[in-house]
Structure formats: C-alpha cells, structure tokens
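The values are calculated or read from the model by the stated rules, or taken from the named source; none is laboratory data. Remember, predicted model here, so these are calculated numbers, not experimental data. Cβ: placed from backbone, ideal geometry, glycine included. Neighbour counts: every protein chain shown. Areas reflect the complete protein model, heavy atoms only, side chains present, ligands, DNA and RNA absent. Shrake-Rupley method; radii C 1.70, N 1.55, O 1.52, S 1.80 Å.
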Amino acid sequence: MTPVCEISGSLSAESFLREVVLPCRPIVLRGLVKDWPAVKASASAANVRDYVKRFDAGLEMQAFIGEPRIAGKYYYADDLKGFNFERRTMRLGPALDKMIASLDVAGAPSLYAGSLPVKDYLPGFAAENPMPLLPASVGPRIWLGHASNVSAHYDTMDNLACVVAGHRRFTLYAPERIGRLYVGPIDNTMAGQPVSLAASSPPDDAKYPLFADIRDQALVAELDAGDALYLPKLWWHRVEALSPFNALVNYWWDAFSAGPDAPYTSMLLAMIAISERPLPERKAWKAWFDYYVFREHGHPLAHLPVEHYGLLGPLKDNYGKIRALVMHFLRGG
C-alpha cells in the first residue's frame, strides 16, 4: 500500500482549489485545523464531550449501537438484508455522555453518531472552528463515536475530512477500480452509499477473486487530531477510527458545479435509458458520450469557428438552454 501524498503549511482558498482540488487526487493536509478550539480540547475524550456539549441544541438523532463481538465494524448481516448493529434514536448530549462513560467498561456496546449537520445540532460550533478554504455556504457535519471500522464506500461530492480527536486511517481505492470492488446493494445500505463487499472481506476470501489483484494497491492516509484529508468524488474509502474515542468534522461540496444538476443524476438517467439495450448500440452511445461529454481529445466542435458552436458553446451561457431542452424531452416533448 502507498501513503497518500501530503502537504503542510497555510493555504488560501484559491491555492487550495488550484493545487489540491483541481488535480482530483487525494491529499493529506497536515495540521490544517490544529488551531481549532475543538482540536485543542482533544487532550481527553471528556474534554471533547464538554466542548461539544456547549453547543448542543438538544436534537434527536439516529445512533448506531454495536455489540462487542462486531468490534466496531458496522456491517450487513450474513444475508445482506439486515445489519449487525441496532439503530437507536437518542439525543446528542446523552449519547456523548454514554460514549465517555463506557470507554473503560469491559464488554460495553460501541456507539457511533455520524453525519450530523453542525448548523442544526451544534449552532455556534462552526463559527468557533471555521473553514476559510471553502465557500461560506458549505456547512460542516460532525461524526463522534468509539473505535469503528466503516466499510469502503464512495461519496458523489468532494470531501474535506478533518480529524478533531483520535487517530484515523483511510484506505483508498481509485474510482477506476469499481469493477474489481464487488459493489453491494445500492438501495439497502448502512448509511446511504453502497459499500465494497470485497474491501470489507478477509484477505483470503475466495468470493472476490478480481479484488485480489488490487487489494494491496490501495492508498493509505494516517491522520491525527488537527490533520485533514481531501477526497475527490467517487474515491472509495474505508475509514477506521482507531482510538477509543474519535471525532471528525467533514465538508461535502461540489467544487466544479456549473448548476443544480449532479453528475450522479445524469448517470442514473443514462442507466435507465441505455444499460439494457443491445451491446452494439451501447457501444455506439459510449462513443457519443466520449465525444460530447468526456472530451478527452478536446472540444467536439474544435474544427469549427467558435461562432458555430451553438449549444456547445461556453456552458455558462448555455446551461439554462440545455437544461430546458432536457426537461422538455423528459416531459415527453
């Protein structure tokens, strides 16, 4: 396995976009949030709890509860229908108290609370722990819990993950590896996104032979409190929270959005329109997508004067026109 490249030192929002985000490769940002008050409170789990509870709005949330036998690996039951953990509705403050109280209790269940929007659950936290590299409209989420092992999955948004307390290991696989990762159910998931069944399996599991060739080709990032990891869209990542108590704040955003439509939406529409047509026709559409959408060889009308580009002119001028045309077609026009 290969360590993820890393940088340290200060960044402006402009240099972050240009040097970190634009290349679309994972990168560790050492010490990015080391000056956050939340990070400075991480000398003990109790300190983090007390700091976070200062902002607690008292809202209910869904927590994962796992028996000791799962060792913090929240996953499917053997039949891929149920799960090996319990979902329980709790308030954040009492959940934090329970996490801390059970740290030294042998045989205690593990507890995990994830993806909580900070603006709702902890109003005021973001103002004290700011992220100037991102637009103000991008709100953070917080993840708190015992040691855990979250199966390899992907996000359809860019992700900046900042470790507040504990130690985390991210094991990453490039999007191009999807055909060897054995994707699990897409509409029955632990927390929204499908997982790689192969990357979650023991090394000697014979059910996933294609994964054997890439298991050791992963990138690995080891992060301590104050460090951050930039993850581009669609990179598979397994996340291990290795300390008895862990806290992370992350930001999801689309760094290159030209409008309200997400690439994943386009993929789903293409799937229902194309995926079960005859193979020769699918190959023909693939050539069209490569030519008009992916454009590895440049603009599809580069052989024409710019004034003849029409709808294929600058997207900032044509986004609304193309979107209106798509909506017209979807309505049966």
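Phi angles across the stretch 140-154 convert, under the Karplus curve 6.51 cos²θ - 1.76 cosθ + 1.60 with θ = phi - 60°, into 3J(HN,Hα) values of x, 10, 10, 10, 9, x, 6, 4, 8, 9, 8, 4, 4, 8, 10 Hz, Gly and Pro given as x. Residue by residue, the stretch 167-174 carries 3J(HN,Hα) couplings of 10, 10, 10, 9, 10, 10, 10, 5 Hz when phi is fed to the Karplus relation 6.51 cos²θ - 1.76 cosθ + 1.60 (θ = phi - 60°); x denotes Gly or Pro.
Our coupling estimate for the stretch 304-313, obtained by passing each phi through the Karplus curve with A = 6.51, B = -1.76, C = 1.60 and θ = phi - 60°, is 10, x, 4, 5, 9, 6, x, 5, 8, x Hz, Gly and Pro reported as x.
In this structure the amide hydrogen of Ala225, modeled in the peptide plane, comes within under 5 Å of the amide hydrogens of Gly166, none closer than 5 places in sequence on its chain. In this structure the amide hydrogen of Val195, modeled in the peptide plane, comes within under 5 Å of the amide hydrogens of Gly184, none closer than 5 places in sequence on its chain.
Over 32 Å apart at the Cα level, from the set Lys119/Lys233; Lys98/Lys119; Lys286/Lys321; Lys34/Lys207; Lys40/Lys316; Lys98/Lys233, are Lys34/Lys207; Lys40/Lys316; Lys98/Lys233. Solvent exposure of the chain, expressed per residue, is 54 Å² of accessible area, with all protein chains present and a 1.4 angstrom probe.
In the chain, Cα pairs under 8 Å separated by at least six residues give a relative contact order of 22 percent. About its Cα centre, the chain has a charge dipole of approximately 380 debye under the convention of +1 per Lys or Arg Cβ and -1 per Asp or Glu Cβ, with nothing else charged. Against the set (i) 38, 25, 20; (ii) 49, 21, 19; (iii) 35, 23, 16, the structure's computed semi-axes √(5λ) of the Cα gyration tensor in Å falls on (i).
How much of the accessible area of the chain, probe 1.4 Å, is carbon plus sulfur, in whole percent? Carbon and sulfur: 58 percent of the exposed surface of the chain. Overall, the stretch 1-81 carries a charge dipole of about 180 debye about its Cα centre when +1 sits on the Cβ of Lys and Arg and -1 on the Cβ of Asp and Glu, all other atoms neutral. In the chain, the calculated helix contribution to ellipticity at 222 nm averages -6000 deg cm²/dmol per residue, counting -39,500 (n - 2.57) for every DSSP H run with n ≥ 4.
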